[in-house]
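What follows is a short report on a single structure.
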Amino acid sequence: MFSGSIPALVTPFQAGAIDEAAFRRLVEWQVAEGSSALVPCGTTGEAPTITSEEQHRLFELCVEAAAGKVPVIAGCGSNDTQTARWHMQVAKDAGCQAALMVAPYYNRPSQAGLLAHFSFLAEAVDLPMVLYNVPGRTVTDIKPETTIELARRFPGRIVGIKDASGDMTRLTAHRMALGEGFAQICGNDDMALQYNAGGGVGCISVTANIAPRLCAQFQAASLAGDTARAHALNEQLFPLHQALFTDASPGPLKYAMARVLGWIHEEVRLPIVASSAESRKAVDAGLEWAGLT
């Protein structure tokens, strides 16, 4: 259902408010550069620090600016099941094609709790879901057996997973149980080459915010089996992938976008702060290596 290079969009701020004009421009640019879908209000979009009203407005803006050219996968996850249901319903009403649903954070639910949480949402709102497993942030791991059970219970409703666990063995476990129709999407840019080789179909990407065309070309080569080109593009992007996480994200990314694009401001919301001097040096080197400056 979803594949290729899918940017987890930044949320541009100016003087404390969402810069709607910059966000629209970002969406239009991403579509023009070859991104295959868009994710507003994910981790890179600073979702924990935006209000629900802002989140819902970003859903609307993304759908309007994408103009039906690519799907919108709205970041709707919450550690409160009823809040997640609300976000999903708003996303559906706004015209989003799917919801990205992070594992409930802070609560630390059991696997039975995860089954109950995602099952409730699948039954409550008629919107396809992409699970989002990022245990390094949530301290909750959606185990393969839980993912498999959910996808089997709700075919057509739970359609894929963004996996940022770093455990490549899960690709095979998911694939053997669910087949190729279940979209396995990498959550780490620097692992996307190996992930696709193991059966993945794309990446929900941080780097694609600043290098959408290169990321789209990399995904196209990788998924087409053009190994030499995929390796070359991966190595062109690899220092930038790593540089963008030399400080708390999306600080380094917003620095890169402000420097290269000019129309995205570096502004972030607390508790994220602007990237450090050392991080900026790493980003500068990554941008240069990638040929973006």
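Every read-out reported here was derived from the displayed coordinates using simple, explicitly stated rules and does not represent laboratory data. Note that the structure is a prediction, hence the values are computed from the model and not measured. For neighbour counting, all protein chains shown are included, and Cβ atoms are generated from backbone atoms with ideal geometry for every residue, glycine included.
Listed values, structure above:
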| read-out | value |
| --- | --- |
| Cα-based Lys pair tally, the chain, threshold under 29 Å, eight or more apart or on separate chains | 9 |
| Estimated FRET transfer efficiency when R0 is 30 angstrom, pair A274-A32 (beta carbons, to 0.05) | 0.55 |
| Likely footprinting exposure, H231, H87, H56, fewest C-beta neighbours within 10 Å first | H231, H56, H87 |
| Spin-label pair H231/E180, simplified geometry with 7 Å Cα→Cβ offset, distance in nm | 2.4 nm |
| Region 54-117 - charge dipole about Cα centre, Lys and Arg +1 at Cβ, Asp and Glu -1, debye rounded to 20 | 180 debye |
| Net charge dipole size for region 4-226 [Lys, Arg +1 and Asp, Glu -1 on Cβ; Debye, nearest 20] | 380 debye |
| Residue (of A183, I50, A173) at the positive-pole extreme of the chain, dipole from beta-carbon charges | A173 |
| Theoretical FRET efficiency, 1/(1+(r/R0)^6), r = Cβ-Cβ of A21 and A248, R0 25 Å, to 0.05 | 0.45 |
| Computed helical MRE - 222 nm, the chain, DSSP H runs ≥ 4 contributing -39500 (n - 2.57), nearest 500 | -14500 deg cm²/dmol |
| FRET E, pair A116, D93, Förster distance 25 Å, beta-carbon r, rounded to 0.05 | 0.50 |
| Contour minus Cα-Cα distance for T172 and L223 (0.36 nm per residue) | 16.7 nm |
| Mean Cβ count within 10 Å, highest first, over the residues of peptides 152-158, 201-207 | 201-207, 152-158 |
| Residue with peak Gaussian network fluctuation, the chain [Cα springs, cutoff 10 Å], from A256, A274, A224 | A224 |
| 13 Å beta-carbon shell around P144, net charge (K/R +1, D/E -1) | -1 |
| Burial ranking of peptide ranges 101-114, 66-79 (average Cβ count within 10 Å, highest at the top) | 66-79, 101-114 |
